[in-house]
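The values are calculated or read from the model by the stated rules, or taken from the named source; none is laboratory data. Note that the structure is predicted; figures quoted are calculated from it, not measured. As a convention, Cβ positions derive from the backbone with ideal geometry for all residues, glycine included, and neighbour counts pool all protein chains shown.
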Amino acid sequence: MATMMRGTLRRAVGLALAAPPPLGAAPAPGDLTVLNGLADISEPPEPSAWPPNLWVLGLILAGLGLTTLILARLWQRHRRRRPHRAALAELAEWERTAPSRSAGDAAATLTALLRRVALLHYPRDRVASLSGTAFVRFLDEAMAAPTFTQGPAADLLGDARYGARAGAPLDCGRELAEAARRWLDAHRDGAPRRV
């Protein structure tokens, strides 16, 4: 009988091991079949960069405001300097054509250009009534050193443009153009403070 019991016990133990565990029962130690059915650990999503905290949002808005202000100032300066750029372009054209013109005609054209720019930056009653030598002295007020009342400019601008040299060819166009360019550059952003 003992052998019979041992055989039955072996069969019972063998059947118990071969049969699947009942549902809800704990798996046997070392059994990895349960792990194969598990899903991977899902990680939480990355934190969003938007909306940022209030300090970052404030810095972004301040940066945008500063950028807008700088761009607006640059645009204003660009528009304010438009007459200066046009005057320099007209002066370059004058310098190119001046050698082929008479001294009186070239001086009259240059004086008209400088007068138009002066009317942009100074009160009309101060500039419009000036002519001849008085206008040349007015031009020198904005310069650090007398440029228009001395040197080749004094011989052609002002009242001298109606003199004996008025019909002669222009021989000092480069010097006149350089003096006019310096005067225009002094008035790039308006009338100089010392005038």
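Worth pointing out:
- Residues in region 155-186 that are at pLDDT 85 or above, closer than 16 Å to residue 138 by Cβ and either crowded, with 19+ Cβ neighbours inside 10 Å or in contact with a Pro (Cβ under 6 Å, 6 or more places away or on another chain) (or both): 179, 180, 183, 184, 186.
- When residues in region 50-98 are screened for being farther than 30 Å from residue 180 by Cα and surrounded by fewer than 10 Cβ atoms within 10 Å (Cβ to Cβ), 5 of them pass.
- Every pair of residues 6+ apart whose Cβ atoms lie under 9 Å, when the first sits in region 97-108 and is more than 16 Å from residue 154 (Cβ to Cβ) while the second is hydroxyl-bearing (Ser, Thr, Tyr): 97/109; 98/109; 101/109
- In region 121-136 there is at least one residue matching the filter, namely being surrounded by 13 or more Cβ atoms within 10 Å (Cβ to Cβ) and either modelled with pLDDT under 80 or under 29 Å from the mean Cα position of the chain (by Cα) (or both).
- Test: residue in region 65-78 that is free of Cβ contacts under 8 Å to residues at least 24 places away in the same chain, part of a helix (DSSP H, G or I) and within 18 Å of residue 191 (Cβ to Cβ): yes
Residues checked against (1) modelled with pLDDT under 60; (2) outside any loop (DSSP other than H, G, I, E, B); (3) within 60 Å of the chain's Cα centre (by Cα); (4) not basic (Lys, Arg):
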| position | (1), (2), (3), (4) |
| --- | --- |
| 4 | yes, yes, no, yes |
| 7 | yes, yes, no, yes |
| 11 | no, yes, no, no |
| 21 | yes, no, no, yes |
| 30 | no, no, no, yes |
| 35 | no, yes, no, yes |
| 38 | no, no, yes, yes |
| 42 | no, no, yes, yes |
| 48 | no, no, yes, yes |
